[in-house]
Amino acid sequence: MPTRTTNWPAGTPNWVDCSFDHMHRAKDFYAKLFGWEIREGGDDMGGYAVALKHHHAAAGLAPRMQPDVPSVWSTFFASDDVDATAGAIRDAGGRTLVEPMDVPNTGRMAFFLDPEGAAFGVWQGGEHPGFGIFNEPGSVGWNDLMTRDLEGAKSFYGEVFGFSYEEMGTDYVTIKRASDGEVVAGMHLATQLPDDVPANWLTHFVVADRDSTVAIVEELDGEVLMSFDTPFGPEATIRGPEGETFNVIAFDTEAENEAENDRDAE
């Protein structure tokens with residue numbers, strides 16, 4: 001079971017969270033869908049709750065603070081110095097939504113928009129390093145940027161985080177972090193995005209079985225937007241209780257290894 005107790009290397013997606021008007025409903029939905037245990041935060045955390053899987057931190061749920069901001073699963077990237085990263089984001093043409101700030105006893109964070117309008121956060125771990133579990137059913141396995149400007153996105157995130165990229169066809173690249181070249185995320189040229197949907201970071205949660213997960217979503221009054229197969233396993237796009245979208249994927253380890261070997265052979 002992949003777990004971690006120390007800070008993630010800079011540039012790695014290291015946390016996701018989502019805000020809700022009706023926290024009780026959201027907690028119930030995700031606890032039943034992913035088998036999460038919800039750990040309530042204290043008064044100093046403003047109602048922020050951490051979802052645990054096998055007693056390890058998997059994601060965050062928070063009360064919505066701004067009624068006009070939609071519910072979205074937000075991706076955070078690890079940083080060794082949030083303030084320096086904030087400066088790099090501004091220099092590269094990004095916009096700050098939340099200035100760097102300390103989160104009591106847990107770490108330091110800030111939140112931004114990239115030049116195309118995709119929101120993302122930066123997290124400098126303290127007592128909370130970010131994901132404590134990953135690539136396991138009920139935890140995050142992947143993060144993709146859905147963008148209409150792939151070349152612009154590559155330039156921006158490369159300048160901010162030092163990313164390099166591997167082309168996977170004409171409309172998809174994988175992201176390699178600067179420190180060791182490890183593949184940590186992806187970027188998709190998403191020309192199918194509706195005009196009213198901004199560029200965004202899409203969270204993929206791992207599940208044991210796509211079809212049974214889809215059935216649970218429907219029982220919980222969620223919405224299955226599409227189901228499809230990928231080289232890495234069956235996948236589905238889900239709309240949650242307050243309109244938030246995310247993907248679920250049942251990793252096919254054998255297929256994933258074959259795809260990796262094919263890439264290495266090219």
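The values are calculated or read from the model by the stated rules, or taken from the named source; none is laboratory data. Keep in mind the model is a prediction, meaning the values are calculated, not measured. Note that each Cβ is placed from the backbone with ideal geometry, even for glycine, and that neighbours are counted across all protein chains shown. Side chains are part of the model used for accessible areas, which takes the heavy atoms of the whole protein and leaves out ligands, DNA and RNA. Shrake-Rupley method; radii C 1.70, N 1.55, O 1.52, S 1.80 Å.
Against the condition open to solvent by less than 60 Å² (accessible area, probe 1.4 Å), at pLDDT 95 or above, among the small types (Gly, Ala, Ser) and closer than 24 Å to Ser71 by Cα, how does Ala250 come out, does it pass?
The answer is no for Ala250.
For region 37-89, give me each residue that is assigned to a helix (DSSP H, G or I) and of a type in the set (Val, Ile, Thr).
Initial filter on region 37-89 (assigned to a helix (DSSP H, G or I)): 43-45, 82-89.
Within region 37-89, Val82, Thr85, Ile89 qualify.
Against the condition among the hydrophobic types (A, V, I, L, M, F, W, C), closer than 19 Å to Asp114 by Cβ and assigned to a loop (DSSP other than H, G, I, E, B), how does Leu193 come out, does it pass? Outline the logic, then answer.
Details: among the hydrophobic types (A, V, I, L, M, F, W, C): yes; closer than 19 Å to Asp114 by Cβ: yes; assigned to a loop (DSSP other than H, G, I, E, B): yes.
Taking the combined requirement at face value, the residue satisfies it.
Restricted to region 18-39, and to residues that are open to solvent by 50 Å² or more (accessible area, probe 1.4 Å) and out of contact with any helix residue (DSSP H, G or I) (no Cβ under 9 Å at 6 or more places or on another chain), which residue is nearest to Glu127 (Cα to Cα)? Give the derivation first.
As a first pass, look at region 18-39 and keep what is open to solvent by 50 Å² or more (accessible area, probe 1.4 Å): 21-22, 24-25, 28, 32, 37, 39.
Narrowing the set further to residues that are out of contact with any helix residue (DSSP H, G or I) (no Cβ under 9 Å at 6 or more places or on another chain) leaves 21-22, 24-25, 28, 39.
Values: Asp21: 28, His22: 28, His24: 26, Arg25: 28, Asp28: 27, Arg39: 15 Å.
Only one residue fits best here, namely Arg39.
Assess whether Asp221 counts as being in a strand (DSSP E or B), without any contact (Cβ under 8 Å) to a residue 60 or more places away in the chain and among the charged types (D, E, K, R).
On the way: in a strand (DSSP E or B): no; without any contact (Cβ under 8 Å) to a residue 60 or more places away in the chain: yes; among the charged types (D, E, K, R): yes.
Judged against the criteria, Asp221 is not a match.
Inspect region 41-61 for any residue being exposed (fewer than 12 other Cβ atoms within 10 Å of the Cβ), of a type in the set (Asp, Glu) and closer than 29 Å to Thr3 by Cα and give the result as yes or no. Break it down stepwise before answering.
Step one: list which residues in region 41-61 are exposed (fewer than 12 other Cβ atoms within 10 Å of the Cβ), which gives 42-44, 46, 55.
Filter once more, so that each one left must be of a type in the set (Asp, Glu): 43-44.
So of that shortlist, the ones also closer than 29 Å to Thr3 by Cα come out as 43-44.
Taking every residue of region 41-61 in turn, at least one turns out to be exposed (fewer than 12 other Cβ atoms within 10 Å of the Cβ), of a type in the set (Asp, Glu) and closer than 29 Å to Thr3 by Cα.
On the basis of being in contact with a helix residue (DSSP H, G or I) (Cβ under 9 Å, 6 or more places away or on another chain), within 25 Å of Gly181 (Cβ to Cβ) and open to solvent by 70 Å² or more (accessible area, probe 1.4 Å), does Asp80 make the cut?
no
Looking only at region 91-150, how many residues end up being charged (D, E, K, R) and outside any loop (DSSP other than H, G, I, E, B)?
Going through region 91-150 one residue at a time, the tally reaches 6.
Those residues that are surrounded by fewer than 17 Cβ atoms within 10 Å (Cβ to Cβ) and either in contact with a Lys or Arg (Cβ under 9 Å, 6 or more places away or on another chain) or charged (D, E, K, R) (or both), I need them from region 91-112; list them, please.
The answer is Asp91, Arg95, Thr96, Glu99, Met101, Asp102.
Assuming Val197 fulfils every condition listed in (1) open to solvent by 40 Å² or more (accessible area, probe 1.4 Å); (2) in contact with a helix residue (DSSP H, G or I) (Cβ under 7 Å, 6 or more places away or on another chain) apart from one, which condition is it?
Going through (1) open to solvent by 40 Å² or more (accessible area, probe 1.4 Å); (2) in contact with a helix residue (DSSP H, G or I) (Cβ under 7 Å, 6 or more places away or on another chain) one by one, Val197 breaks only (2).
Just give me the residues in region 161-212 being closer than 18 Å to Thr237 by Cβ and polar (S, T, N, Q), in sequence order.
Residues satisfying the conditions are Thr191, Gln192, Asn200, Thr203, Ser212.
Give region 215-237 a look and list any residue that's of a type in the set (Val, Ile, Thr), open to solvent by 20 Å² or more (accessible area, probe 1.4 Å) and either more than 21 Å from Gln192 (Cβ to Cβ) or touching a Cys at 6+ places or on another chain (Cβ under 6 Å) (or both), or say none.
Ile216
Of the residues that sit in region 154-189 and are in a strand (DSSP E or B) and of a type in the set (A, V, I, L, M, F, W, C), which one is surrounded by the most Cβ atoms within 10 Å (Cβ to Cβ)? Working first, answer last.
If we filter region 154-189 for residues that are in a strand (DSSP E or B), which is where we start, we get 164-167, 172-176, 183-189.
Filter once more, keeping what is of a type in the set (A, V, I, L, M, F, W, C): 173, 175, 183-185, 187, 189.
On the way: Val173: 22, Ile175: 25, Val183: 14, Val184: 22, Ala185: 22, Met187: 23, Leu189: 19.
Filtering first and then ranking leaves Ile175.
I'd like the residue in region 32-62 that is within 18 Å of the chain's Cα centre (by Cα) and not aliphatic (A, V, I, L, M) and, out of all such residues, is modelled with the lowest pLDDT.
Within region 32-62, the first condition is being within 18 Å of the chain's Cα centre (by Cα), and the residues that meet it are 33-34, 36, 48-53, 56-62.
Narrowing the set further to residues that are not aliphatic (A, V, I, L, M) leaves 34, 36, 48, 53, 56, 60.
Values: Phe34: 98, Trp36: 98, Tyr48: 94, Lys53: 98, His56: 98, Gly60: 98.
Checked region 32-62; the qualifying residue modelled with the lowest pLDDT is Tyr48.
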